[in-house]
Amino acid sequence: MKTFSFFPKICLLLFVTGLLTYFKANAKVLTLAQADSLKRVLKGKVTPVNQVNTLLLLSEYYLLRNGELQSDLDSASTLAEDATRMSVINNLHPEYVKSLYLRGCILLEKGLRKEGKLLIRKAYGFAKLYNLPEQKGDFFEKEGHLIEQDEYHIKQKIKYYRKAILYFAQANAYDKEAPARQMLGDLLIIDNQKDQALKELNAALVAFQKAKIPDTQGVYKLMASIYIQMGKYDKALENSISAVKTAEYLKDSSLQMSSIYNTTALVYYYLKQEKPAVDYWEKALVIAKKYQEKSYIQMISGNIITAKARINDYKGALKDLIFFEKKYAKDLSAEMIGRIPYLYLNIYIGLREFDKAQQHYQKVWDIFSTLTPEQAYYKFYLNSITRYLVETHQYKKAYPLLLDYEKIAIQEKNYLYLSLAYQNIYKADSALGRLQEAIEHLKLYKVASDSLLNIEKAKQLINLQVKFETEQKDKNIQILQQKTEIQNSIIQNERVLKVNIIAGAVILLLLLVISVSRYRLKQKVNLQLEKKQAEINQQNDLLKKLLNEKEWLLREIHHRVKNNLQVVISLLNAQSAHLNNQDAIVAIQKSQQRMQAISLIHQKLYQTDGLSTIDMRWYIAELISYVKEYSNFKQKITMDYVLDDVTLDVSQAVPVGLILNEVINNAIKYAFPNQSNGVIRICLQLDEQNFVHLGVRDNGIGLPDDFLQHTSESLGVNLIYGLAEQIDGNVEITSDHGVKVKIVFPLHKELVNV
């Protein structure tokens, strides 16, 4: 093949049609100029520029074709040389420089590095001579690509890509600027310039949009990785889901999907959402196995084992780890060789098998001793070492390491690591007798835990999918329209060829008119539907926002009330440890019990969907369990209860809980003085008139003969009457073979109407 003009036209049309089919089958995105060049050739509008661009496109096709066949490189070289000759004949400067670059890349692919670099530098000389900014950018992009990607050359590599982007932006070559900015963002991540990397990746998204290229999943994945490192998991999750959605929409089946799923899983893992994390890791593992990428397979398998250990499935994690180690014993990567002792150590700590953990601890310590705080695995090994030392009561040795771990967590603003650090420091302080420091670190642990799993982030996790789809709606429509346009263009071009062969130009024209007419009609209908859908979505978004705000506020109130009560209980407990007066200690303990009765209600409220009502069957069972545990009574006392399905709101549930706490504790304390077997029976029923009957009865010694119900000076009795009055209840206390307390009160009208 000497020149383009020697191609028989029918052979060229068939070849180009086949090429378009190949691009379609392999989801390769053509630039607008390339697609236009091919369409013009198919329509017979073959100008010299179109001829040269088509030759360049065909040459690039053979160069990038799967496999490394010499025949493909020879075909690519012949086509590129024809493009060079035609560019010279027709005085086409940009196309001439492009052909030189392409020929240089072909030589590099053949292994002729010296000749290839010389030809690329020659192309750059002509690009400067003819003042072609896009072609200048091509040179720096190719030079940057050829530089080694290691710590000694990373700065120079970044410098070349910045120059390339500058020229691509000057030429409005968005199809080249976009991937160059994506590559620059990746390099900046490696060079630990996270803020600059985010800036470049955001600019890459804009360039991809201007170039009308939808393949942005790689950009979103890189942004998610940066936000993971910065500890901004809400933004990391948003970007990782964008990467997944974009890739799945474009049916990306490359190895990149494994990396995208892995990154998404990591975000969920750091947010303590283990189930979706494992689901995404399993997807990533399927793709890694498909491409037989051993490094990916080993890394993801290790991540799944770590997640199982996190949810306390230590036996399952140990089984998987043993199988994994046997299967890949001969092919373990350097990373996994160091990671396996770390996994065994964490699993055996979880299983409380410290004798087996000890040998792996020594291996982990030996590896840890060679690391510096700047290295990625330093904090993971440090966490496992401190965890082992705390669990084996080596608190003095653990303490300085824990402070080091705290420092790293604060620097990274990582609340997961920070909560783990404060939890272990609190244990160490308690064991070493540093009570004041223990209380302070316990408070810090709760703050870190709240910051990691606060209600706002929980709401984000639940609604992020809906939010993402709403925010990305316009973008998805644009992507769909673009893909539809490309597919329709390919279909139309294929029809042109068939019609030219079978029926001629007249039938082709008719088909084109019909296709355009149907397309316009479809566009009008779609536009109307989109407007209606936008109105509906706007109303739904407003309602969701109002509802979510209300639920968030109520849940936050219950959460804070519960936490504050727990802090007060802890403070009272700490205070009682320093008291010698038995009456004061008993009074504090009673106060703690009453606060716990209230705390259980608020705990249930913020953990469930119902934010104002309590299931009393659950609550009474929990309260009895707490009283048993706290009282630690030695008598053989049986707790028996008959409970209807009764639901109370907070204003009634709190007094009922306090009444039950008083009555049950009094029965345990006074009803059975002779260590005899005793029974305390609790009954809760709702009658047809919506009156609640609450009864507590014991078979103990009963009340003294001179007991006066209404004049008793007992705080407990007065408290019972006072609380019953709050719920408009009637109290009846009788003594007959034991004490029976019965309270009848009306159910709130709001609950009656539900």
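Taking 0.36 nm per residue of separation and subtracting the Cα-Cα distance, full extension of the segment from L250 to E293 would add 13.2 nm. Assign one of three labels to the range 344-436, namely rounded, prolate or oblate, based on the Cα gyration tensor with a ≥ b ≥ c the square roots of its eigenvalues; rounded applies when a/c is under 1.5, prolate when it is not and a/b is larger than b/c, and oblate otherwise. Cα axes put the range 344-436 in the oblate bin. The residues packed around L371, meaning those with a beta-carbon under 15 Å from its beta-carbon, carry a net charge of -1 if Lys and Arg are +1 and Asp and Glu are -1. Is the shape of the range 293-370 rounded, prolate or oblate, going by the alpha carbon gyration tensor and its root eigenvalues a ≥ b ≥ c, with a/c under 1.5 for rounded and a/b larger than b/c for prolate? Note, shape of the range 293-370 comes out oblate.
Between K275 and K742, the contour length at 0.36 nm per residue exceeds the Cα-Cα span by 163.4 nm. Taking amide H positions as modeled 1.01 Å from N, with prolines and chain starts lacking one, the residues under 5 Å from G678 and 5 or more places away or on another chain are K636, I637, T638.
In order along the range 147-154, phi translates into HN-Hα couplings of 6, 4, 9, 10, 5, 7, 10, 4 Hz, rounded to whole numbers, per the Karplus curve 6.51 cos²θ - 1.76 cosθ + 1.60 with θ = phi - 60° and x for Gly and Pro.
Exposure proxy for Y291, Y96, Y152: other Cβ atoms within 10 Å of each Cβ, ordered fewest to most, give Y152, Y291, Y96. Label positions at Y519 and E115, each projected 7 Å from the Cα along the C-beta direction, are separated by 4.5 nm. Give K251/K315; K210/K245; K114/K290; K142/K289; K155/K283 a once-over and call out the pairs whose C-alpha atoms are over 27 Å from each other. With Cα atoms farther than 27 Å apart: K251/K315; K114/K290; K142/K289; K155/K283. When only the Cβ of Lys, Arg, Asp and Glu is charged (+1, +1, -1, -1), the dipole of the range 104-202 relative to its Cα centre reaches about 440 debye. The Cβ shell under 13 Å around D186 holds other residues with a net charge of +2, Lys and Arg each +1, Asp and Glu each -1. Using the Cα gyration tensor of the range 49-146, with a ≥ b ≥ c the square roots of its eigenvalues, what is the shape: rounded (a/c below 1.5), prolate (a/b larger than b/c) or oblate (neither)? Oblate, since a/c reaches 1.5 and b/c is not below a/b.
For the range 112-207, what's the relative contact order in percent, using C-alpha pairs closer than 8 Å and at least 6 residues apart?
Relative contact order of the range 112-207: 21 percent.
With θ taken as phi - 60° and the Karplus curve 6.51 cos²θ - 1.76 cosθ + 1.60 applied, the whole-hertz 3J(HN,Hα) list for the range 733-738 is 10, 10, 10, 8, 6, x Hz, x standing for glycine and proline.
Take the Cβ atoms of Q539 and N312, set R0 to 45 Å, and the FRET efficiency comes out at 0.55.
Within a Cβ distance under 11 Å of D640, other residues only, what is the Lys/Arg minus Asp/Glu net charge? The answer is +1. Under a 5 Å amide H cut-off, with hydrogens placed 1.01 Å from N, I727 pairs with nothing among residues at least 5 apart or on other chains.
When you filter the GluC sites (Glu not before Pro) in the range 626-702 for DSSP loop state and at most 11 other Cβ atoms inside 10 Å of their Cβ, you are left with E688.
No lab work stands behind these numbers, since they all come straight from the coordinates. All figures in this text were calculated on a predicted structure; none of them were measured in a lab. Using ideal geometry, Cβ is built from the backbone for each residue, glycine included, and neighbour counts are taken over all protein chains shown.
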